[in-house]
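**Student:** Once you've had a glance at the structure underneath, I'll fire off some questions.
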Amino acid sequence: MRAVATMIAMAGCLALVWQAPAEGQGAEEAGWQKRLFGEIAQMRAELAEYLLEARQGNIASLERELREVREQQKTLQENERQQHEHIAQIDRQLASAELELEARPQLEAARAQLSGPEVERLRNVQTTLAQRETDIIGLLERERLRAQALRERARLLSSK
């Protein structure tokens, strides 16, 4: 919003400059134009700072999202570890001589469920999270480069 207002003000200032008489300018008119150009330069510097703040907000948001994805990956890894433990426990029960005959089909069905569709689901989630992490890292790098360029531009504009 502030950026739009700044651009509108700059456009208005430029329109006034173009309407000023080009020939026979007096000292007063030249001073007026100099002040006007100074104001425009100040507005450009403020606009660059505003854009930099927006980029920094984007960077912070992407960093939060990256932390969330990485936390989800850790949770998924823990779920996988627990699933492997559960499968190992079922395998031990199936190998046990004390296993009742009626319990074997239930254990085999549970093992098949954990080994098949559940493993596939976890792999799909893992793939999705890894891709999202890669995407966020790319976006984050681009935002950081853009912010660096804006910082440099703001520094140059403020030094004029």
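**Student:** Only one of L66, L47, L101 is among the hydrophobic types (A, V, I, L, M, F, W, C) and not in a helix (DSSP H, G or I). Can you tell me which? So that I can check it myself, show each step before the final result.
**Tutor:** Numbers: L66 fails: not in a helix (DSSP H, G or I); L47 fails: not in a helix (DSSP H, G or I).
The match here is L101.
**Student:** Being modelled with pLDDT of 90 or more, in a helix (DSSP H, G or I) and more than 24 Å from E53 (Cα to Cα) narrows it down to one residue among A130, A147; which is it? Please lay out each step first, then the result.
**Tutor:** Details: A147 fails: more than 24 Å from E53 (Cα to Cα).
From the options A130, A147, the qualifying one is A130.
**Student:** Any chance you could count how many residues in segment 119-156 are of a type in the set (S, T, Y) and either in contact (Cβ under 8 Å) with a residue 40 or more places away in the chain or touching a strand residue (DSSP E or B) at 6+ places or on another chain (Cβ under 8 Å) (or both)? First the steps, then the outcome.
**Tutor:** To start, the set of residues in segment 119-156 that are of a type in the set (S, T, Y) comprises 127-128, 134.
Filter once more, so that each one left must be either in contact (Cβ under 8 Å) with a residue 40 or more places away in the chain or touching a strand residue (DSSP E or B) at 6+ places or on another chain (Cβ under 8 Å) (or both): none.
Qualifying residue count, segment 119-156: 0.
**Student:** Could you figure out which of (1) surrounded by fewer than 16 Cβ atoms within 10 Å (Cβ to Cβ); (2) touching a helix residue (DSSP H, G or I) at 6+ places or on another chain (Cβ under 9 Å); (3) not aromatic (F, W, Y) isn't true of A48?
**Tutor:** Every condition holds for A48 apart from (1).
**Student:** Of everything in segment 51-67, what is closer than 24 Å to L122 by Cα and surrounded by 12 or more Cβ atoms within 10 Å (Cβ to Cβ)? Give them in sequence order.
**Tutor:** Our first condition is that a residue be closer than 24 Å to L122 by Cα; within segment 51-67, this holds for 64-67.
Of everything in segment 51-67, those that are closer than 24 Å to L122 by Cα and surrounded by 12 or more Cβ atoms within 10 Å (Cβ to Cβ) turn out to be E65, L66.
**Student:** Can you tell me which residue in segment 80-118 is surrounded by the most Cβ atoms within 10 Å (Cβ to Cβ), limited to those that are among the acidic types (D, E), within 38 Å of the chain's Cα centre (by Cα) and at pLDDT 85 or above? I'd like the intermediate steps shown before the answer.
**Tutor:** Taking segment 80-118 as the starting set, the residues that turn out to be among the acidic types (D, E) are 80, 85, 91, 98, 100, 102, 108, 118.
Cutting the leftovers down to within 38 Å of the chain's Cα centre (by Cα) gives us 80, 85, 118.
Applying the additional criterion that residues be at pLDDT 85 or above yields 80, 85.
Values: E80: 16, E85: 10.
Within segment 80-118, the match that is surrounded by the most Cβ atoms within 10 Å (Cβ to Cβ) is E80.
**Student:** Every residue in segment 97-156 that is farther than 27 Å from Q73 by Cβ and hydrophobic (A, V, I, L, M, F, W, C), please.
**Tutor:** Matches in segment 97-156: A97, L99, L101, A103, L107, A109, A149, L150, A154, L156.
**Student:** Which one of these is surrounded by 11 or more Cβ atoms within 10 Å (Cβ to Cβ), at pLDDT below 90 and assigned to a loop (DSSP other than H, G, I, E, B): Q25, Q33?
**Tutor:** Working: Q33 fails: assigned to a loop (DSSP other than H, G, I, E, B).
After ruling out the rest, the residue left standing is Q25.
**Student:** Has segment 74-96 got at least one residue that is more than 30 Å from T128 (Cα to Cα), among the hydrophobic types (A, V, I, L, M, F, W, C) and free of Cβ contacts under 8 Å to residues at least 60 places away in the same chain?
**Tutor:** Scanning segment 74-96 turns up at least one residue that is more than 30 Å from T128 (Cα to Cα), among the hydrophobic types (A, V, I, L, M, F, W, C) and free of Cβ contacts under 8 Å to residues at least 60 places away in the same chain.
The values are calculated or read from the model by the stated rules, or taken from the named source; none is laboratory data. The structure presented is a predicted model; accordingly, all values stated were derived computationally and were not measured. Quick reminder, even Gly has a Cβ in these numbers, built from the backbone with ideal geometry, and neighbours come from all protein chains shown.
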